[in-house]
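First the structure, in the form of structure tokens, and then the observations on it.
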Amino acid sequence: MHPFRLPPARRAWWLAFVLLLAAAPGPAAAAEPDPQRGAYIFRASGGCTCHTDLKNGGPTLAGGRAMPTPFGVLYATNITPHRQTGLGAWSEADFIRAMRRGIGAGGEHLFPAFPYTAFAGMTERDLRDLWAYLRTVPPVERANRPDELWPPFGWRFLLGFWKWLNFAPRPFEPDPARSAEWNRGAYLSRHVAHCAECHTPRDLSGALRPELRNAGTPSGPEGALAPNITPDPETGVGNWSLTDMTWFLETALKPNGDDAQSLMGEVIEHGYRHMTPADRKAIAVYYRSLPPIRNKVQAPPRSEGAP
């Protein structure tokens, strides 16, 4: 029956129902990406220094940096918005898929040296804002250099099987039993800053060893030692105070006055020192809460004649 042919009482109820539906809020529209906020996420990730060949004065984020690994040498890619040699032809969806699933714009699997295994837990908002920021950096025409990996580690078609064994992407889930500060530190450490990707030894397939997560490795980024950052008092940072840890993330200075070297120093200089004191403290709070792992990490002996 047509609503206007209903009895007056029922017609009034029907009109009231329609008005309530019209007044009900619809699904919230996604906020427009914020490149300024994305710049902060960029710094919190360490400033993406792997994508700049700082040692040779390379253009910012234009790739070319050699990253030695036990499987051969990888070369960082150009992530400026240059249309031919960078990410200029990528869409926002392409970028989010690469960050969350390790798949490039052409559908190719990406090597896990690009830490999508950590980035997969980032929020949609952080990823969209980060992409908006990357679109604002100056485009640089610089072709990507082919990787030099030994067979079979350079065969991309095998990465699908590697992901099936080692990669289960899932969003960050806050721990309701922990404080907001701890959860913020956990999110930043595990996903945005991706600390474990550098400070955890890998197995023969290149996957992180979960039993030694954050416990250090002699084969860190660029072949350098990555120390144990669990709160073990003898082999890790168990003797560091909360102030020591936050000060280190701001200045790269250790409690003994020594400073961070190589990539870690760059990550602090171009990334973590630009974070808010609250976020640096949250990271320190999170790391001081982890179970200590006894793992003494030593640099491999140099061969004769090495500098």
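The values are calculated or read from the model by the stated rules, or taken from the named source; none is laboratory data. What you see is a predicted model, and the numbers here were worked out from it, not measured in a lab. Methodologically, a virtual Cβ is constructed for each residue, glycine included, from the backbone with ideal geometry; neighbour enumeration extends over all protein chains shown.
Of all residues in region 52-78, count the ones that are of a type in the set (A, V, I, L, M) and more than 24 Å from Pro151 (Cα to Cα). Lay out the reasoning, then the answer.
Narrowing region 52-78 to residues of a type in the set (A, V, I, L, M): 54, 61-62, 66-67, 73-74, 76.
This time we only want the ones that are more than 24 Å from Pro151 (Cα to Cα), so: 54, 61-62.
Residues meeting the conditions: 3.
Which count do you get for residues in region 68-85 that are in a loop (DSSP other than H, G, I, E, B) and over 19 Å from the mean Cα position of the chain (by Cα)?
The initial filter retains those residues of region 68-85 that are in a loop (DSSP other than H, G, I, E, B), namely 70-71, 76-85.
This time we only want the ones that are over 19 Å from the mean Cα position of the chain (by Cα), so: 70-71, 81-85.
The qualifying residues number 7.
Inside region 150-160, can you point out the residues that are crowded, with 17+ Cβ neighbours inside 10 Å and in contact with a Gly (Cβ under 7 Å, 6 or more places away or on another chain)? Working first, answer last.
Applying the first criterion (crowded, with 17+ Cβ neighbours inside 10 Å) to region 150-160 yields 153, 159.
Result: Phe153, single match.
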Selected residue (criterion: farthest from Ala113 (Cα to Cα)) from residues of region 218-233 that are in contact with a Leu (Cβ under 9 Å, 6 or more places away or on another chain) and surrounded by fewer than 20 Cβ atoms within 10 Å (Cβ to Cβ): Pro231
Unmet requirement for Leu165, which otherwise passes all of (1) closer than 30 Å to Arg83 by Cα; (2) assigned by TED's automatic domain parsing to the domain that holds Met67; (3) touching a residue at least 40 places away in the same chain (Cβ under 8 Å): (1)
Test result for Gly185, surrounded by 23 or more Cβ atoms within 10 Å (Cβ to Cβ) and either outside the structural domain of Phe161 (by TED's automatic domain parsing) or at pLDDT below 95 (or both): yes
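Take Ile96 and decide whether it is modelled with pLDDT of 95 or more, within 14 Å of Arg135 (Cβ to Cβ) and assigned to a loop (DSSP other than H, G, I, E, B). Reasoning before the result, please.
On the way: modelled with pLDDT of 95 or more: yes; within 14 Å of Arg135 (Cβ to Cβ): yes; assigned to a loop (DSSP other than H, G, I, E, B): no.
Judged against the criteria, Ile96 is not a match.
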Residue within region 64-72 that is aliphatic (A, V, I, L, M) and buried (at least 19 other Cβ atoms within 10 Å of the Cβ) present: no
Total residues in region 102-129, condition charged (D, E, K, R) and surrounded by 15 or more Cβ atoms within 10 Å (Cβ to Cβ): 4
Single residue of region 196-214 satisfying the filter (without any contact (Cβ under 8 Å) to a residue 60 or more places away in the chain and not charged (D, E, K, R)) that is nearest to Leu158 (Cα to Cα): Ser205
The lone exception for Pro59 - which of (1) at pLDDT below 95; (2) in a loop (DSSP other than H, G, I, E, B); (3) not hydroxyl-bearing (Ser, Thr, Tyr) it fails: (1)
Matching residues in region 204-227 - criterion: being at pLDDT below 95 and farther than 21 Å from Cys50 by Cα: Leu204, Ser205
Selected residue (criterion: farthest from Gly216 (Cα to Cα)) from residues of region 246-302 that are surrounded by fewer than 18 Cβ atoms within 10 Å (Cβ to Cβ) and of a type in the set (Val, Ile, Thr): Thr276
All positions within region 134-146 that are surrounded by 20 or more Cβ atoms within 10 Å (Cβ to Cβ) and in contact with a Phe, Trp or Tyr (Cβ under 7 Å, 6 or more places away or on another chain): none
Residue match in region 82-101 (condition: touching a His at 6+ places or on another chain (Cβ under 6 Å) and surrounded by 15 or more Cβ atoms within 10 Å (Cβ to Cβ)): no
Hey, Gly46 part of a loop (DSSP other than H, G, I, E, B) and either within 19 Å of Met275 (Cβ to Cβ) or modelled with pLDDT under 95 (or both) or not: yes
Filter pass, Thr80 being of a type in the set (Ser, Thr, Tyr) and more than 17 Å from His191 (Cα to Cα): yes
